[in-house]
Amino acid sequence: MKSTLQSSGLMPLFVHMSIILAGSVMVASTVVSSQTDQQCHKKVDSPPQADPKAPCDSTSAPIHRQETRSSDPPRSMPSLTDEPLQLVRPDPSHKKIQLVEESVKTLLRLTNPVAVVAVVGKYHSGKSFLLNQLMGKEGSYGFTVGPSLRPQTMGIWMWGRPTTMMLASGQEVSVIFLDTEGFAANNVSEIYDAKVFAVASLLSSFLIYNSVKVIDQADLDYLELLSRRTQLFALKSQLSRAKWAQDFNHDLLSFPPLLWVVQDFVQITGNDEPTPSEWLHEMMKSSAWENENHRISLMDIFPEVECHTLFFPATKKEILQDLSLAREEDLTAEYKVERNRLIHTLRQGIIPKEKNGRPITGAELVALIDVLVTAANEGSLSQIPSRWSAFIQSMEQSAVGDCLRFYETEMMVLHQQYDMGPVDEQEFENWHNTSISKSDKLLQQVLFGLGDVVDKASQDLKSQIQEKHLRAVEMNEKKIKLRCSEIQHRVELEGESRLGELSLPIRTSELRDNYKRVKSACIDSYSQTLNRLRRSLPFVKFLDQLKTSLDNICDSFLLRNSQLLDTVLEQAIQKALEEFTSVMHNNHQEARTPKTMTRLTLDANERAVGVFTKEARVAAEEPPYKAQMALMKAGLAEAEQDLRKKNNQLLKVKCQKEVNGLAQTMRDNTDGTHLPLPVNDTDLDHRLAQEATRAKSLFKELLEDYSSMPSYEDCLKDLHRLIHSVSGQRRQENMEAYSREVEIPLQSAKKIALLSADKYNTEFSLTNFIREVCMLNLDEGKPKHWPIDLKANIVDLFMNSDPDIRRVIKDRQGLWSTLLGFLQWICWLFS
C-alpha cells in the first residue's frame, strides 16, 4: 500500500482511554517475579566530573548538568538512587513483560509533576549511549553501553534519579528517562517488540526513535506497524468504558511527539539540501505499500514528527568500539554541537502528561504503567500479520467486534440504571441512537485513512447492532407487559412506604403490630378501588399476590430490623470494649503492680457492662441479647489478658534495666580501682559475696510489689546469672594477677622442664614433672607462703596457656603413650 502524508495539520488517530487512576498505586500481587537474569543486569561506576571545557553551542547543555546537583537531590524530589533501575523485564520465555516491584515503588516517592522521555529503536543502535548524552552521563556512569554484538538492555530501564527541569511555562517537572530493549533482536518475536513499544510510547511525554547512519524503508514500515498496533491497543483498552464509567478520562493515552534521531550521520544537509525533518517527511510521503488504497503515515498517528541527526561521536577506533570509554573531551566538536541542539529541542518539546487538566504524579504514573503492562499481557495487542492486507482485514474484524462490544456495554449501562427492569421506550431509543453514534465514531477513528474498508466496516457494524436492537426492543416490551396491576403495585408501594416511615431499629413485637395495621389498610384500599371488578378472577389473583407481596415486604423489614439490632449489639460491644480500654489506658507506660491492675480491672469491667446495657437497651428483649452480653464479657476478659501481658512486658523492661544497673554497680565496685589484684581468694570471695547480696537485696527492695508477676522471676534469674558472670570474671582476673607475680620463677621452671622433657615419654609423667618443677620454683620468695591450692591453680593456668609447654605435652599424646601413662598413674596412686 502507498502511505501518503497530508501536508498540513496534525491528525491524531485515536481516542484516549478512559481509566481511573487512583492517587495510590495499584501493584498487583502477580506483577513481579522473583527471578533475576544476568542479561538484565546493569552496572554503575562512580559518577564522572562534568568537563567545564566541553564545547557547546548557544542552544543548550546536557539536561542533567543544568538541572541537578550531584551533592543533594533536586527540590520537590525525594532522594533517589542515581543509577539505572529495571522497570519492566521479560518473563523467562521472553514473550511477556513483568513489572519490577522494587523499581516501581521508587516512583511512588515522586509527588511533583512527572514527564517521561523514552528512546526506542533497533537493538545495538546506540540508544543507551544517546540517553547518557542527554542526561549528561559520561564514561561507564550511566546506562550500560556494551562493545559486544549481544544486546545489553532487556525490557525497559529507567534512570533511578529523575532530572528536575524548569519548562518554558515556568512549571517544574521531574523528567524520567527510559532505555528500552532493541527491536528485531534474535529469538525475540514482533509481539514482544510491540509490547515494549506500546508501553514505552504511551508512557512517554516525548518519544525518541533511534537509528544509525540512514533511515531506510524497513525502519519506516516496522515503526508504522508498531505505532498502528499500539493505537489499536489503546483503543481496545478504552473499550472497557462501562467498567470505568464513574471517571471517564481522555487525558492519559495520547501519543507523544516523535523525534527520529539518526546517529553517525555524515551526509550533506546544506543550504540546497532539505533539513532532516523535511527529508523524513518526504520519505514518509513516498513510502511504498502493496496496496495503494490505504494512506497511512506516522504523521497521522503522532501529533508531531521531527528528525535530528548526530555526527560520529568520536574518531578513535577503540572509543567507537566501546563508547562507554568516551569522555566529554573525546567527543567530536560536530557531535557536541548537534547533541546540544537535540537537547534544546527535547527541552522545548517536553509536555507532562495530564489527567483532568493537571499533570500526573509518580503514583498516577505507576498506576498507568500497571494498566499498560497488564493489558499488553492480556492480549489487547493485535497480531501483526506477515502481509499488510491480512493486517487490515484483521484490524477491520477486530474493530467491528470491539465497537459492537462497546455498544453492548453502553446499553448495559442503561439497563443497570433501571436494575435490568423495563425502560421508557423513548429513552431506550434515544440511548440506542447515542450509543450507535459513539460506536460508529470509534470505528471511524480506528480505521481512519483506510478508504472503502471504513464504509464496509460501518455497514457491517450497523447491521449487527440493528439485529441486537430489535431483540432488545422485543425484550423490553415483554418486561413492560409483565408488570402486574397498576393498582396492586401502587398499594404495595404505599404499604412499603408506611413501613419505611418507621424508625428502625425497634422491638420486633412493635414492628409486627405496625405491620398488621398496614396490611389491613392496604387490603381495604385495594378492595375499594377495584370494587367493580370484585367478581373477576384477576381480582382474587392479584389480591392474593398483594397479600403475598406485603408479607414478603414485612419479612424484608423484619430481616433489616434484625440486622440493625445486631448492629446495635455489635456497636454496644465495641463501645463497652472502648470504655474498658479507656479506663485501663496506661498514659505513662509504667508497669503497674498486681494490686493496681486488679483494682483498675474491676472498675473497668463494671463501667463497660454499664455502657453495654445502656447502648443495647432497644435490643434487651431480643434473643441474641444474652449471647452478645456473654460475647462482650469474653471480649473484656481477652482485653484484660492482653493488658496484663503488656503490663508484664513493661515490668520486664523495668526489671531488666534494674538488673543491668545492679550488675554494672557490682562490676564497678569490684574493679581494679576498688579491689586491687591480686588478693587472697577468701577476701575476694567475701567481697564478691557482699556485692552479690547487696545487688539481690536492692533488686527485691525495688521490685517487691511485682514479685508475683512472671517477669520478676525471669529478671531475678538474669541477675543471678550476671552476678555469677561478674564473680567468675573477677576470679579469673585475680588468678591472672597472681600469675603475673610469679612470671619469672615460672619461666625458670619452663626452661628446666624443656631441657629435661626428653627423659619422659608419656603425657602423664611429663605433666607431673613440669608441675613439680613449677611448684619447687614457687616455694621461694613471695609465693612461698601462698596456699598450695592457689599455686596449683597458677601452675595449671601456666601449663595450659604457654604454647611451648603445650607443644611438648602434645608430642607425647598417642595410644601407646596413653596406655603407659595410665599404668604410671595407677602406680602413682598406690605410691
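Taking 32 Å as the cut-off for C-alpha to C-alpha distance, list the pairs among Lys575/Lys657; Lys122/Lys285; Lys96/Lys468 that go past it. The answer is Lys575/Lys657; Lys96/Lys468. Treating r as the C-beta distance of Asn800 and Asp683 and R0 as 30 Å, the FRET efficiency rounds to 0.75. Residue by residue, the range 464-471 carries 3J(HN,Hα) couplings of 5, 5, 4, 4, 5, 5, 4, 5 Hz when phi is fed to the Karplus relation 6.51 cos²θ - 1.76 cosθ + 1.60 (θ = phi - 60°); x denotes Gly or Pro.
Keeping every protein chain in place, order Ile208, Ile573, Ile788 by accessible area at 1.4 Å, biggest value first, i.e. largest first. Numbers along the way, then the final one.
Numbers: Ile208 0, Ile573 20, Ile788 105 Å².
Ranked list, largest accessible area first: Ile788, Ile573, Ile208.
Taking chymotrypsin sites (Phe, Trp or Tyr not before Pro) across the range 392-423, the ones in a DSSP loop with at most 16 further Cβ atoms lying within 10 angstrom of their Cβ are Tyr418. The translational diffusion coefficient of the range 538-628, from Stokes-Einstein at 20 °C and 1.002 mPa s with a Kirkwood hydrodynamic radius over alpha carbon pairs, comes to 131 µm²/s.
Under the combined filter of DSSP loop state and at most 14 neighbouring Cβ atoms within 10 Å, the range 685-792 retains these GluC sites (Glu not before Pro): Glu780. Rounded to the nearest whole Hz, the Karplus-based 3J(HN,Hα) values (6.51 cos²θ - 1.76 cosθ + 1.60, θ = phi - 60°) of the range 117-125 follow the sequence 10, 10, 10, 10, x, 5, 5, 6, 10, with x at glycine and proline.
So, R0 is 30 Å and r is the distance between the beta-carbons of Gln417 and Asp524; what FRET efficiency does that work out to, to 0.05? Step by step, r from the Cβ atoms, then E = 0.25.
How large is the Rg to Rh ratio of the range 617-767 when both quantities use alpha carbon positions and Rh follows Kirkwood? Working shown, then result.
Numbers: Rg = 29.3 Å, Rh = 20.8 Å.
Looking at the range 617-767, the ratio lands at 1.41.
Between Ala314 and Thr332, the built amide H atoms are under 5 Å apart, and every one of these is 5 or more places off in sequence or on another chain. A cut-off of 5 Å between modelled amide H atoms, ignoring neighbours fewer than 5 places along the same chain, links Val212 with Gln263.
Using a 1.4 angstrom probe on the protein heavy atoms only, could you order Val116, Val653 from most to least accessible area? All intermediate terms of the calculation are to be shown ahead of the outcome.
Numbers: Val116 5, Val653 100 Å².
The most accessible residue leads, giving Val653, Val116.
Computed with every protein chain present, the accessible area of Trp279 is close to 70 Å² [probe 1.4 Å]. Taking Leu698, Leu716, Leu650 and ordering them by how much accessible surface each has at a 1.4 Å probe, largest first, produces Leu698, Leu650, Leu716.
For the range 396-448, the relative contact order is 60 percent, taking Cα pairs closer than 8 Å that sit 6 or more residues apart in sequence and dividing their mean separation by the residue count. Between the amide H of Phe143 and those of Asn132, distances stay under 5 Å, these residues lying 5 or more places away or on another chain, with hydrogens modeled in the peptide plane.
The values are calculated or read from the model by the stated rules, or taken from the named source; none is laboratory data. All of these numbers come straight from a predicted model, not from anything done at the bench. Reconstructed Cβ throughout: ideal geometry from the backbone, glycine too, with neighbour counts over all protein chains shown. Each accessible area value is taken on the protein alone, full model and side chains, heavy atoms only, with ligands, DNA and RNA left out. Shrake-Rupley method; radii C 1.70, N 1.55, O 1.52, S 1.80 Å.
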